[in-house]
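One structure below.
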Amino acid sequence: MENKPRFKPYEVFTKLMTLGKSMRSHCHRAIEKDGFTLNETDVLLALTATPENNTVKAISESSNISKGNISQAVESLKQKGYLITEQSSDDRRFVSVKLTEAAEPVIQKLKEAEDEYFSGFMGALPSGEAPLVARIFDAAQKFSPAAFINKLSGKGKEQNKDQSKDENADE
């Protein structure tokens, strides 16, 4: 008898997206009464999670929200005094976004809401399964959807051939 998984891949990924949206909403509720929009919440969460990914483009990609919406949220948070932006002297197109000290109490509320939600999720796991969540997260961090799609479509092979030609031309 074949041992089939209890779920389909589509179910796994849509459930993970649902969990992400639910956590996002939970965090937003923690600061909504302070006048923050959902997109502003996303910007604050993104900058807290990965401060090194501090451009509108990086925040847009990590949160899956349009650059236009992220730009508006950044501008609003800047006007409220929670963010500053710094333009690179090397490349004027590169503008980094940084939290200010005024953002600290808001960030604290978001961290508490994140911890609360994550604890609820972890509490739903059978005893001893936390290391599995860590391994899944590590795999998700290493997986590149764009590289995988390119590989499937053959673009990866063509890029590798082009790269090999360039390398051989340099010799």
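The values are calculated or read from the model by the stated rules, or taken from the named source; none is laboratory data. Keep in mind that what you see is a predicted model, and the values were worked out from it rather than measured. Every residue, glycine among them, receives a Cβ derived from its backbone with ideal geometry; neighbour counts consider all protein chains shown. In case anyone asks, the SASA skips ligands and DNA or RNA and just uses the protein heavy atoms, side chains included. Shrake-Rupley method; radii C 1.70, N 1.55, O 1.52, S 1.80 Å.
Screening residue 167 on (1) over 30 Å from residue 18 (Cβ atoms); (2) open to solvent by 60 Å² or more (accessible area, probe 1.4 Å); (3) modelled with pLDDT of 85 or more shows it passes everything except condition (3). Among the residues of region 106-146, those identified as in contact with a helix residue (DSSP H, G or I) (Cβ under 7 Å, 6 or more places away or on another chain) and small (Gly, Ala, Ser) are 113, 130. Selection of region 103-137 for residues being open to solvent by less than 80 Å² (accessible area, probe 1.4 Å) and either within 18 Å of the chain's Cα centre (by Cα) or over 25 Å from residue 28 (Cβ atoms) (or both) yields 107, 110, 113, 114, 117, 128, 129, 130, 131, 132, 133, 134. Under 9 Å between Cβ atoms, at least 6 apart or on separate chains: pull out the pairs that start in region 22-36 with a residue that is more than 14 Å from residue 63 (Cα to Cα) and end on any residue that is of a type in the set (Phe, Trp, Tyr) and surrounded by fewer than 14 Cβ atoms within 10 Å (Cβ to Cβ). Listed by first residue and then by second, the contacts come to nothing, as the list is empty. Residues in region 58-65 include none that are modelled with pLDDT of 95 or more, open to solvent by 60 Å² or more (accessible area, probe 1.4 Å), closer than 23 Å to residue 20 by Cα and not β-branched (Val, Ile, Thr). Screening 41, 55, 37 for residues that are open to solvent by 50 Å² or more (accessible area, probe 1.4 Å), of a type in the set (Val, Ile, Thr) and more than 18 Å from residue 141 (Cα to Cα) leaves exactly one candidate, 37. With a requirement of 3 or more residues that are more than 30 Å from residue 37 (Cα to Cα), the helices (runs of 4 or more DSSP H) lying completely within region 78-162 that satisfy it span 130-142, 145-153. For region 54-77, a tally of residues being in a loop (DSSP other than H, G, I, E, B), in contact with a helix residue (DSSP H, G or I) (Cβ under 8 Å, 6 or more places away or on another chain) and touching a residue at least 24 places away in the same chain (Cβ under 8 Å) returns 2.
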